[in-house]
1. Chain A: longest stretch without exposed GluC sites (Glu not before Pro) (DSSP loop, at most 14 other Cβ within 10 Å), sites themselves excluded?
2. Which residue, A:Ala45, A:Ala30, A:Ala148, has the most motion in a Gaussian network model of chain A that connects Cα atoms within less than 10 Å?
3. So what's the angle, to the nearest 10 degrees on a 0 to 90 scale, between helix A:175-193 and the longest Cα principal axis of chain A?
4. Are there trypsin sites (Lys or Arg not before Pro) in the stretch B:1-92 that DSSP puts in a loop and that have at most 12 other Cβ atoms within 10 Å, and which ones?
5. Mind sorting A:Met217, B:Met99 by how few other Cβ atoms lie within 10 Å of their own Cβ, fewest first?
6. Identify the chymotrypsin sites (Phe, Trp or Tyr not before Pro) of the stretch A:1-64 meeting these criteria: DSSP loop state and at most 10 other C-beta atoms within 10 Å of the C-beta.
7. Determine, from the Cβ-Cβ distance of B:Thr42 and B:Tyr69 and an R0 of 41 Å, the FRET efficiency 1/(1 + (r/R0)^6), rounded to the nearest 0.05.
8. Order by neighbour count: A:Ser62, B:Ser110, B:Ser64, A:Ser74, fewest other Cβ atoms within 10 Å first, most last.
Amino acid sequence: MAPQSKLSLGIKRASRSHTYHRRGLWAIKAKHGGAFPKAEKPAAAAEPKFYPADDVKPRAPSTRKPNPTKLRSSVTPGTVLILLAGRFMGKRVVFLKQLKSGLLLITGPFKINGVPIRRVNQAYVMATSTKVDISSVNLDKFDDKYFARAKRIKAKKTERELFETEKEATKNLPDFKKDDQKVIDAELVKAIEAVPDLKTYLGARFSLRDGDKPHEMTF
Amino acid sequence: MVKGRTGQRVRLYVRGTILGFKRSKSNQYENTSLVQIEGVNTKEEVAWYAGKRMAYVYKTKTKSSGTHYRCIWGKVTRPHGNSGVVRAKFKSNLPAESMGRKVRVFMYPSSI
């Protein structure tokens, strides 16, 4: 609509009836059957009981997923590793694969140096440049759940039973684990025996001697 | 010490000597100890050992957890000076009687 001119502040040039006609309000009224259309007011929202003190945006939850520990470039499947701590410290061992938890799956092989299929943390391991051919081994069944502790079924104990120490804490390995070890070892030992001296190398333990400087050694 | 290790004894640690505490002429700061690692003679060689864990092992008259041996764990923090001496922080400060005695510098956490 054309701007209304002002004579002075608050005083318009055109009268009320004049602007009514100009705006075409009569036409809108006629179009809607004699009454001016009223816009529907949006339903008043119920007054919330609680108004937070500050206008703070709720934090969106992080969608970041944790990754397994980054594998050092020197550690590849088939690498011979030296264990630095634990029951088998000093043993030279074959690396099989990295599990989803980030731990490394290793095996002695058991026949050669007594180290079973085990998990080990990358920080407690030194990688050597010796590699074993591991392509013939199937590792699909090994994951972190394989190594979970067997849950002991706790039956309801009577008073008497509570005082009897649990003698059923058997430390026997389930048979399927022993069989898995044999299967893996059969393949690996074949690959190892193909390389001269590798078997005795894996059977020997690593140790520091007098005058050894690990910071100058290459492994 | 590992329980009854009857097999081969392997040494997977480097020997170190505890020289004393970090200090100036007349003040000493016992939260940091100085350690001389065998075979390490320059600041550059210390880089390999940064972060490696160390253990000060000592014997006691009384038994705890079934053994007379006890240990204070610590780690190599940084080089000290130019000649291969190393600063170390232990879980609890080392006792003064440790000065001149041996400490074991392990090869883990490894980065090889």
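1. A:41-163
2. Of A:Ala45, A:Ala30, A:Ala148, the most mobile in the Gaussian network model is A:Ala30.
3. Around 70 degrees separate the two axes.
4. B:Lys3, B:Arg5, B:Arg9, B:Lys25, B:Lys91
5. Taking fewest neighbouring Cβ atoms as first place, the list is A:Met217, B:Met99.
6. A:Phe50
7. E(calc), rounded to 0.05, equals 0.80.
8. A:Ser62, B:Ser64, A:Ser74, B:Ser110
We did not get these values from a lab; they are worked out from the coordinates using the rules stated. The shown structure was predicted, so the numbers you read here are calculated from the model rather than taken from an experiment. When we count neighbours, we look across all protein chains shown, and the Cβ atoms used for this are built from the backbone with ideal geometry, even at glycine.
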